[in-house]
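This report refers to the structure that appears directly beneath it.
What follows is calculated from the coordinates using simple rules that are stated; it is not laboratory data. Note that this is a predicted model, so its numbers are computed, not measured.
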Amino acid sequence: MGFSVYFQSTEPVSETVAAKVVAATDQAAGERTWLSCEPIFPTLQEDGHLWGGSKVTFEPDPLDIESAEQEGLPNGTIADVIQLLCDISREHGIDWEVGHDFGELGGIHNGIADPEMTQAIDALALTTEELLSGMMGESYGDDEEDDDGPPDILRFPG
């Protein structure tokens, strides 16, 4: 069973801005191990909106865990995904609508995530980190400082 968080820009963006956002997310993907969720790789839709998602991983493959431990990078969580979307919002003037498999979560406006969404995402990130820490041993937490378009369940206005 999977659980994904999806995002979509509230307005169309230019191809130039989309390319800058893709470059930023590509760079961010290499800065973490992403055991708790997938990194984001937004795509420019035909209507000009950026769209993407991240599947939360509750039980990563043991080989991925071993590889991540050797890399020594921090684990990327769904909270990191939201933070990256906030950074992109601030840097590129893009507001986001955010949802999950069961409906809407909230939005990011002028680089700030809706407080209710932040609380829900933080709880989810904490849950996945606790599960992962149990799989990797107690020391892990101590060392840390389908893209065809939006699923039908998300009903973004517009």
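Shown here are the Rg and Dmax of the Cα trace of the stretch 1-129, at 14.4, 42 Å.
Subtracting the Cα-Cα distance of Glu91 and Glu66 from their residue separation scaled by 0.36 nm leaves 5.5 nm. The string of couplings for the stretch 49-54 from the Karplus curve (6.51, -1.76, 1.60, θ = phi - 60°) is 7, 7, 9, x, x, 9 Hz, one whole number per residue in order, with x for Gly and Pro. Here the gap between Ser4 and Ala29, fully extended at 0.36 nm per residue and compared with their Cα-Cα distance, gives a gain of 7.3 nm.
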